[in-house]
1. Report the residue count in the stretch 40-52 for those that are in a helix (DSSP H, G or I) and under 19 Å from PRO114 (Cα atoms).
2. Quick one: count up the residues across the stretch 13-36 that are farther than 15 Å from SER62 by Cβ and touching a residue at least 12 places away in the same chain (Cβ under 8 Å).
3. Within the group VAL29, VAL106, which residue is within 27 Å of the chain's Cα centre (by Cα), β-branched (Val, Ile, Thr), under 18 Å from THR217 (Cβ atoms) and open to solvent by less than 20 Å² (accessible area, probe 1.4 Å)?
4. Looking only at the stretch 199-248, count every residue that is touching a residue at least 60 places away in the same chain (Cβ under 8 Å) and in a helix (DSSP H, G or I) and tell me the total.
5. Could you tell me which of the residues ALA180, ALA226, ALA188, ALA238 is of a type in the set (A, V, I, L, M, F, W, C) and more than 22 Å from GLY335 (Cβ to Cβ)?
6. Quick check: anything in the stretch 263-282 small (Gly, Ala, Ser), surrounded by fewer than 21 Cβ atoms within 10 Å (Cβ to Cβ), touching a Leu at 6+ places or on another chain (Cβ under 9 Å) and part of a loop (DSSP other than H, G, I, E, B)?
7. Residue check, TRP181 against (1) assigned to a strand (DSSP E or B); (2) open to solvent by 60 Å² or more (accessible area, probe 1.4 Å), all met but one. Which one?
8. Looking at (1) modelled with pLDDT under 95; (2) closer than 14 Å to VAL266 by Cα, which is the only condition PRO139 fails?
Amino acid sequence: MEMAEAFRRQAEACRRLESPMYAVLVGRVADDIAAGGLSREVLAGHEDDPGPSALALRMMGSVHRLVLSRRAGELAAYYPSVGGSWEPEGGWAAFRALLAEQPQAVREWLDRAPQTNEVGRSGALMGGLLRIGEEHAHPLRLFEMGSSGGLNLRVDRYAYTDDAGGVFGDPDSPVRLEGAWQGRPLRAWPELQIVERVGCDVNPVDVTQAEGRLTLTAYVWPDQTARLERLRGALQVAARVGAEVRRTDAVSFVRSLELADKTITVLWHSVMWQYLSREDQAAVSARIEELGSAATAEHPFAHLMLEPLRRTPEAVHSFLVALRLWPGGERRILGEGAAHGIPTIWE
């Protein structure tokens, strides 16, 4: 895909996902690329990057990290994430000035995949765990592919509200996902216990370090203050609730996974499947089938996901919460979520 067109598509996606700031800013970069301006010079060498690599978000994340580090000069005045106020004309002028003054600093993160670790997606996972709890009552072992900083491995330590005013999870948590759930009411699971929290990522983020916290914050869109507040709360939770994130690929991670008696082993992922090659998808799927075949009532296995899926071959993609639970293994659509996780509408 031609680079300017890829940026235009991302600008439209930002508009749909309620980031008017990035909708304008990414769109202006697209126009600048088409005109052969500074943006094209900074992005030189990335002309053939595929669409799923999200080059526009790589660039925006790199610039945002400069803003958060107080290294972006006048641009900070237009970023709500640091107390600024977005204004299109002045903001674009300051953005272009940064490209002119610090092109190499912007380029530094262009080869890095965005690491959003979107905490809002925990709503889909937590709700999925409650649905599993309707059939099994064992403690949970939670394993996640594409964990980034592992924030979603702490799902039980966040608070969730539904459209009936119910509160689930930890009511005293600094993370409160208001309006997380709609549709079918979910039943609380007071005895829910997660006894193991393990994830994997080819480039894990250490949320106990300042650099890791900066990385995750930089990829949150600056005008979406609710997402920023969720992230900051989740970082507080992570400081006191441990989770292991292994530096390994998804195939190796899943192949190392084994079931354990009197526990429910849950393999989970959210909006990461598209980043695996077809060969890796096939290898992971094959191992999932092996684990499912080995599952019993004493050591069940669940594959839970929030991914852009089709309900039927003819349908458009939507963010579906899907579950396969063994013994049995039939795929069930539990509900429909959103790109950033809120709300999930349960079926």
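The values are calculated or read from the model by the stated rules, or taken from the named source; none is laboratory data. Bear in mind that the values here come from a model prediction, so they are computed numbers and not experimental data. Don't worry about glycine lacking a Cβ; one is built from the backbone with ideal geometry, like all the others, and counts go over all protein chains shown. For the accessible areas, the whole protein counts, side chains as well, though only heavy atoms, and no ligand, DNA or RNA atoms are used. Shrake-Rupley method; radii C 1.70, N 1.55, O 1.52, S 1.80 Å.
1. Let us first name the residues in the stretch 40-52 that are in a helix (DSSP H, G or I), namely 40-42, 51-52.
Right, trim to under 19 Å from PRO114 (Cα atoms) and you get 42, 51-52.
Here the count works out to 3.
2. Going through the stretch 13-36 one residue at a time, the tally reaches 15.
3. On the way: VAL29 fails: under 18 Å from THR217 (Cβ atoms).
Selected residue: VAL106, the only one of VAL29, VAL106 that is within 27 Å of the chain's Cα centre (by Cα), β-branched (Val, Ile, Thr), under 18 Å from THR217 (Cβ atoms) and open to solvent by less than 20 Å² (accessible area, probe 1.4 Å).
4. Residues that pass the stated criteria total 17.
5. On the way: ALA180 fails: more than 22 Å from GLY335 (Cβ to Cβ); ALA226 fails: more than 22 Å from GLY335 (Cβ to Cβ); ALA188 fails: more than 22 Å from GLY335 (Cβ to Cβ).
The conditions single out ALA238.
6. The initial filter retains those residues of the stretch 263-282 that are small (Gly, Ala, Ser), namely 270, 277, 282.
With the extra rule that they be surrounded by fewer than 21 Cβ atoms within 10 Å (Cβ to Cβ), the set shrinks to 277, 282.
Of the ones still in play, those that are also touching a Leu at 6+ places or on another chain (Cβ under 9 Å) are none.
The answer is no, given that none of the residues of the stretch 263-282 is small (Gly, Ala, Ser), surrounded by fewer than 21 Cβ atoms within 10 Å (Cβ to Cβ), touching a Leu at 6+ places or on another chain (Cβ under 9 Å) and part of a loop (DSSP other than H, G, I, E, B).
7. It fails just one condition, (2).
8. With (1) modelled with pLDDT under 95; (2) closer than 14 Å to VAL266 by Cα applied to PRO139, the lone miss is (1).
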